[in-house]
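A short worksheet on the structure shown next.
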Amino acid sequence: VSTQSTGLQFLFVSLLSFCTLLFTLTMENEYSFSLTTFSPSGKLVQIEYALQAVSAGSTSLGIKAKNGVVIATEKKLPALMDETTMKKINMLASHVGVVYSGMGPDSRVLVRKGRKIAQQYYRVYQTPIPVSQIVRELASVMQEFTQSGGVRPFGVSLLIAGSDETGSHLYQVDPSGSYFAWKASAIGKGMINAKTFLEKRYNADMELEDAIHTAILTLKEGFEGQMSESNIEIGLVDRSGKFKILTPAEVRDYTQEVE
């Protein structure tokens with residue numbers, strides 16, 4: 001009788017746990033269509049979906065070197081598309097650049113806003129905007145889209161590289177509006193493997209040239225097919241503090257150096 005009673009108790013507890021889990025999942029689904037309402041577990045489910053959109057995007061990464069910052073990304077395109085019409089790395093100001101993973105159209109909105117923020121600051125103060133400030137302003141825009149009705153979160157994460165009078169900087173901004181400074185980071189589909197590779201290879205005394213080689217090797221780790229100047233992009237903040245995007249010829253030279 002005791003054994004039978006214990007078995008019934010175990011069955012009851014298991015059934016109760018299953019029902020609780022089913023109820024929680026049902027409630028999560030009910031709240032998944034509302035951006036401005038927290039689910040019972042304390043999540044804004046639409047932000048979770050936005051992060052999934054980022055995770056489905058091509059891998060992008062950034063490395064802060066001793067004398068600059070490099071950002072790089074995969075650029076996978078259909079065979080018949082003209083690769084010159086697709087840009088994943090953009091300049092926000094002469095000293096700041098950005099790369100994204102996730103939804104391209106969303107990134108264009110943020111690039112346009114970032115450029116406008118930089119120009120407004122320069123027009124008022126006649127000096128380039130500090131990197132931390134343009135990052136904070138863009139993060140505020142992304143955060144506003146997590147608590148307003150009739151909108152959705154941006155389906156992108158950004159890696160922002162720049163230089164100002166306090167030195168070189170690398171920031172990551174996520175769809176929730178959170179942002180942090182990084183020594184090296186990766187976003188997109190191959191994020192986990194790329195971060196693991198960077199943790200092994202990163203050195204605080206790394207020169208910019210070494211950082212470019214490390215960025216290419218990191219992308220190569222999870223790259224499908226042959227890597228060439230037509231399917232990756234590289235941008236960097238050099239010793240002078242200026243941001244530039246490498247030409248296809250320059251990218252070809254660097255990829256040949258690491259082979």
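What accessible area, in Å² to the nearest ten, does a 1.4 Å probe give for Asp253?
So the heavy atoms of Asp253 present about 80 Å² to solvent.
Just to verify a number: what accessible area does Tyr100 come out at with the full protein assembly present, 1.4 Å probe, Å² rounded to tens?
Rounded to the nearest 10, that gives 20 Å².
Treat the stretch 98-168 as a sphere of radius equal to its Kirkwood radius over Cα pairs and apply Stokes-Einstein at 37 °C in a medium of 0.692 mPa s; give the translational diffusion coefficient in µm²/s, rounded to a whole number.
Numbers: Rh = 13.0 Å.
The Stokes-Einstein estimate is 252 µm²/s.
Calculate for the chain the 222 nm mean residue ellipticity that helices alone would give, adding -39,500 (n - 2.57) per DSSP H run of length 4 or more and normalising by residue count, nearest 500 deg cm²/dmol.
Working: 7 runs with 113 residues, N = 259.
Taken over the chain, the calculation gives -14500 deg cm²/dmol.
With 28 Å as the limit, write out which pairs from Lys66/Lys195; Lys87/Lys242; Lys43/Lys64; Lys87/Lys116; Lys183/Lys220 have Cα-Cα distances beyond it, or answer none.
Lys43/Lys64
Output needed: percent of Cα pairs per 5 Å distance bin for the chain, bins running from 0 to the one holding the longest distance.
That works out to 1, 6, 12, 15, 16, 14, 10, 7, 5, 4, 3, 2, 2, 1, 1, 0, 0, 0, in percent per bin.
Using a 1.4 angstrom probe and counting only protein chains, how large is the accessible area of Arg252 in Å², to 10?
Per-residue accessible area (Arg252): approximately 90 Å².
Could you work out the Kirkwood radius for the stretch 63-141, taking every pair of different alpha carbons, averaging 1/r and inverting it, reported in Å? Walk me through the intermediate numbers first.
Details: mean 1/r = 0.0707 Å⁻¹.
With all distinct Cα pairs of the stretch 63-141 included, I get 14.1 Å.
If you add up the charges near Glu250, with Lys and Arg at +1 and Asp and Glu at -1, over every other residue whose beta carbon is less than 13 angstrom from its beta carbon, what do you get?
Values: positive: Lys244, Arg252; negative: Glu209, Glu229, Glu233, Asp238, Asp253, Glu257.
Summing Lys and Arg as +1 and Asp and Glu as -1 gives -4.
Kindly sort Tyr202, Tyr125 by accessible area of their heavy atoms, largest first, with the probe set to 1.4 Å. Can you show the working numbers first?
Working: Tyr202 60, Tyr125 140 Å².
Sorted by accessible area, descending: Tyr125, Tyr202.
Quick one: dipole size for the chain, taken about the Cα centre, charges +1 on Lys/Arg Cβ and -1 on Asp/Glu Cβ, in debye to the nearest 20. Show your work: numbers first, answer last.
On the way: 25 positive and 26 negative charges, 125 e Å.
Charge dipole, the chain, about its Cα centre: 600 debye, nearest 20.
For the chain, set up a Gaussian network in which alpha carbons nearer than 10 Å are linked by springs, and say which option among Val237, Val124, Val70 fluctuates the most.
Most flexible of the set in this elastic network: Val124.
Return the FRET efficiency for the residue pair Ser94, Ser178: r is the Cβ-Cβ distance, R0 is 25 Å, and the value is rounded to the nearest 0.05. It would help to have the intermediate numbers written out before the result.
Details: r = 27 Å, r/R0 = 1.08.
Given R0 = 25 Å and the Cβ-Cβ separation, E is 0.40.
Under 10 Å from the Cβ of Pro128, count the other residues' Cβ atoms, weight Lys and Arg +1, Asp and Glu -1, and hand me the total. Each step should come with its number before you reach the end.
Working: positive: none; negative: Asp164, Glu165.
Taking every Cβ under 10 Å from that of Pro128, the sum is -2.
The values are calculated or read from the model by the stated rules, or taken from the named source; none is laboratory data. Just so it is clear, the structure is predicted and the values come from calculations on it, not from any experiment. Methodologically, a virtual Cβ is constructed for each residue, glycine included, from the backbone with ideal geometry; neighbour enumeration extends over all protein chains shown. Areas reflect the complete protein model, heavy atoms only, side chains present, ligands, DNA and RNA absent. Shrake-Rupley method; radii C 1.70, N 1.55, O 1.52, S 1.80 Å.
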